[in-house]
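Encoded as structure tokens, the structure appears first; notes follow it.
The values are calculated or read from the model by the stated rules, or taken from the named source; none is laboratory data. Since we're looking at a predicted model, the values are computed, not measured. SASA here: full protein model, heavy atoms, side chains in, ligands and nucleic acids out. Shrake-Rupley method; radii C 1.70, N 1.55, O 1.52, S 1.80 Å.
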Amino acid sequence: MTARRLLLLNGPNLNLLGTRQPEVYGATTLPEIEASVTALAAELGFEVRAVQSNHEGVLIDAIHEARGDCAGIIINPGAYSHTSVAIPDALTSVELPVAEVHLSNIHRREPFRHHSYVSAVAEMVIAGAGPAGYEYAVRYLAGKLP
Ligand code: DQA
């Protein structure tokens, strides 16, 4: 049986949430987001493994480790959304449902942020909802998993 566990993966610079460009990303810190995601997931019967890294390879290793151990992945790839082919390749390889979250509305920002390589392999994408986007992602994945 698949573990009732979700991988919550945050990419580069998201460890600085709360102080990093609060006018763009808000005042909520990453530990606060991880706590609210964990609490909501628990209500819905899921555990959460939260990983943040500024290193692409560490994110890829965490995706690989989710295979057989997690039922779905919530990912904010940060700037790697716009540059990485290896992260979507890893997501495709592990064959888990993926929800992609961006705190800001990347489509309303600089043109280089408008394209995310991860979106092509995500089941759902939320951008611009702030921290609530992570909660929508939990509800989505919990709702579709057995
Ligand atoms: C982000 C948007 C990216 O363009 C940016 O590089 C980030 C955060 C967001 O959550 O809005 O680091 O993924």
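Listing for the model above:
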quantity: Surface accessible to a 1.4 Å probe, per residue, for the residues of region 16-139, Å²; calculated: 47 Å²
quantity: Spherically averaged projected area of region 47-96 from its Cα convex hull (nm²); calculated: 3.2 nm²
quantity: Fluctuation leader among VAL48, VAL24, VAL125 - the chain, Gaussian network, Cα springs under 10 angstrom; calculated: VAL24
quantity: Extension gain, GLU43 back to ARG109 (0.36 nm per residue minus Cα-Cα distance, nm); calculated: 20.3 nm
quantity: Highest-fluctuation residue, ALA35, ALA122, ALA66 considered, GNM on the chain with Cα pairs under 10 Å; calculated: ALA35
quantity: Gyration tensor verdict on region 71-146 (Cα atoms; rounded if a/c is under 1.5, prolate if a/b is larger than b/c, oblate otherwise); calculated: oblate
quantity: Gaussian network model of the chain, Cα within-10 Å springs - most flexible of ARG109, ARG67, ARG20; calculated: ARG109
quantity: Relative contact order %, the chain, counting alpha carbon pairs below 8 Å whose residues are six or more apart; calculated: 27 percent
quantity: Segment GLU65-ALA132, extension gain: residue separation times 0.36 nm, minus the distance between their alpha carbons; calculated: 21.5 nm
quantity: Alpha-carbon Rg with Dmax, taken over the chain, Å; calculated: 13.9, 43
